[in-house]
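These notes are about the structure you will find just below.
The values are calculated or read from the model by the stated rules, or taken from the named source; none is laboratory data. For clarity, every value in this text was computed on a predicted model and none was experimentally measured. Cβ coordinates were reconstructed from backbone atoms using ideal geometry, including for glycine residues, and neighbour counts include every protein chain displayed.
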Amino acid sequence: MMTEGSNSYCNAGRGILRQSVLAGGCLLVMLLTGCGETAPPAPPVLDIPVFTVNPEDVDITIKMVGQTRGSVDIPIRARVEGFLETLEFEEGREVSKDQLLYTIDPRPFEAKVVEAQGHLAESRTMLTKAKSDLARIRPLAEMKAVSQQDLDSAVAEYEAAKGAVQASEAQLDQAEIELSYTRIQAPIDGRIGISAAKVGEFVGKEPNPVVLNYVSQADPIRVRFSVNERFFLQWARRFAELSRQSPQQPEEDRGLELVLADGYVHPHPGHVIAYDAAVNPTTGTFTLEADFPNPDGSVVAGLFARVLAVAETRQDALLVPQRAVSELQGNYRVFVVKSDNTVELRDVVPGPRIDNLWLIEEGLQPGETIAVEGILRLQDGMTVNPVTPEAAATQEQP
């Protein structure tokens, strides 16, 4: 049984315990709150450069790789065998039609001409004799002074002599033709290249040079290129549509553009002049040739170049910078900045690329704003401070 003194002692103990608990709680709160300090500020809102998507009409261009060649490329061949005597041109320069280019030692062929002339003279002599014999025997045969067999032999000898003259004339013509081949002339106006044989070499028979050179016409310059069947169908449909709309429009105005290896754009548009009959089933490509005016001769044969053709014109297309589009496992996404400055991660369907822009087929609406930089730091629902790329560049300058 507890006495009054015991109750007082217990009440005092409970008070001390209560004060200890309160003191411990205050200490814990002070530790948790940093001894009365305020909470740290929230991280600053990111400045994100943005791009506003506006519709515009754009041309979808097909880019094809090709190689230039002369509109006419003619090989200069040694058509007879012999030692090359002279080169009558400057390599790499322009030559004129029928200009003398090479001469081959003519003496063996001159000898053949003389021999053929001798055979012809002999054949004509034999023809004259056969004709005289026939003229003498024919009246005698009519008088029965000679047999019919003698007349038949005379007629046969005369016909054979006529045939021998014709053969000799043909042999002389052939010898004279071969002699003419010792003087090789330019078949067309154009530019001639570096000779494959020099003076003193034996030419006209393998393994010695047969094709001595090439003469090319570079105005217009021709480009051979190939396209895959999908691009070819797009381009062919556009060409057919232009033909229906403007049948009198020159093909040059339906234009192909030639871009050289250094990025230089040839100032004269071209047009297709030839193409294959079918798509190559092995490569799945279709080969075409186009001519481009080249009045100053600045484009030469053998260059690699790109040919650009407009496949279609897209109305109200939505173009965005390529750097604004991210790709993950085949899914393409952009960050759309909404009116409350929060970002939304959205899937899009990209179309053709046009220079450094990407045409978006689905997923965006005209007038929407997207982030173009810092997309690796963004998360769906994050609040950002949208700025123009120019303003962002100004802020980064020291």
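Which strands (runs of 3 or more DSSP E) does the range 1-99 wholly contain that include 2 or more residues that are more than 30 Å from residue 365 (Cβ to Cβ) and at pLDDT 85 or above?
Numbers: elements: 46-52, 55-77, 82-87.
It comes to 55-77, 82-87.
Is it the case, given these coordinates, that residue 195 is polar (S, T, N, Q) and at pLDDT 90 or above? Let's see the steps before the verdict.
Numbers: polar (S, T, N, Q): yes; at pLDDT 90 or above: yes.
Here the answer is yes, as residue 195 does meet what is asked.
Just to be sure I understand the filter: pairs with C-beta atoms under 8 Å, separated by 6 or more residues or on different chains, first member in the range 166-194 and not assigned by TED's automatic domain parsing to the domain that holds residue 108, second member among the aliphatic types (A, V, I, L, M). Which pairs pass?
Cβ pairs passing all conditions: none.
For the range 311-333: of the residues being more than 13 Å from residue 362 (Cα to Cα) and basic (Lys, Arg), which is nearest to the chain's Cα centre (by Cα)?
314
Spot the failing condition for residue 354; the list is (1) surrounded by 14 or more Cβ atoms within 10 Å (Cβ to Cβ); (2) modelled with pLDDT of 90 or more; (3) more than 16 Å from residue 45 (Cβ to Cβ), and only one is missed.
(2)
Assess whether residue 320 counts as being in contact with a Leu (Cβ under 9 Å, 6 or more places away or on another chain), of a type outside the set (S, T, N, Q), within 16 Å of residue 352 (Cβ to Cβ) and in a strand (DSSP E or B). Before the answer, list the steps.
Numbers: in contact with a Leu (Cβ under 9 Å, 6 or more places away or on another chain): yes; of a type outside the set (S, T, N, Q): yes; within 16 Å of residue 352 (Cβ to Cβ): yes; in a strand (DSSP E or B): yes.
So residue 320 fits the description; yes.
Can you pull out every residue in the range 101-120 that is part of a helix (DSSP H, G or I) and in contact (Cβ under 8 Å) with a residue 24 or more places away in the chain?
Narrowing the range 101-120 to residues part of a helix (DSSP H, G or I): 107-120.
Those that are part of a helix (DSSP H, G or I) and in contact (Cβ under 8 Å) with a residue 24 or more places away in the chain: 108, 109, 110, 112, 113, 115, 116, 117, 119, 120.
Among the listed residues 379, 315, identify the single one that is exposed (fewer than 15 other Cβ atoms within 10 Å of the Cβ), assigned to a strand (DSSP E or B) and in contact (Cβ under 8 Å) with a residue 24 or more places away in the chain.
Numbers: 379 fails: assigned to a strand (DSSP E or B).
Answer to the check: 315.
Take the range 209-229 and flag every residue that is surrounded by 19 or more Cβ atoms within 10 Å (Cβ to Cβ) and among the aliphatic types (A, V, I, L, M).
Hits for the range 209-229 are 212, 215, 218, 221, 223, 227.
Of all residues in the range 84-100, which are out of contact with any Asp or Glu (no Cβ under 6 Å at 6 or more places or on another chain), in contact (Cβ under 8 Å) with a residue 40 or more places away in the chain and not hydrophobic (A, V, I, L, M, F, W, C)? Write out each step before concluding.
As a first pass, look at the range 84-100 and keep what is out of contact with any Asp or Glu (no Cβ under 6 Å at 6 or more places or on another chain): 86-95, 98-99.
If we keep only those that are in contact (Cβ under 8 Å) with a residue 40 or more places away in the chain as well, we get 86-87, 89, 91-95, 98-99.
If the condition is that a residue be out of contact with any Asp or Glu (no Cβ under 6 Å at 6 or more places or on another chain), in contact (Cβ under 8 Å) with a residue 40 or more places away in the chain and not hydrophobic (A, V, I, L, M, F, W, C), then 86, 91, 92, 93, 94, 98, 99 are the ones that fit.
When residues of the range 116-145 are filtered for being crowded, with 17+ Cβ neighbours inside 10 Å and β-branched (Val, Ile, Thr), how many remain?
Going through the range 116-145 one residue at a time, the tally reaches 1.
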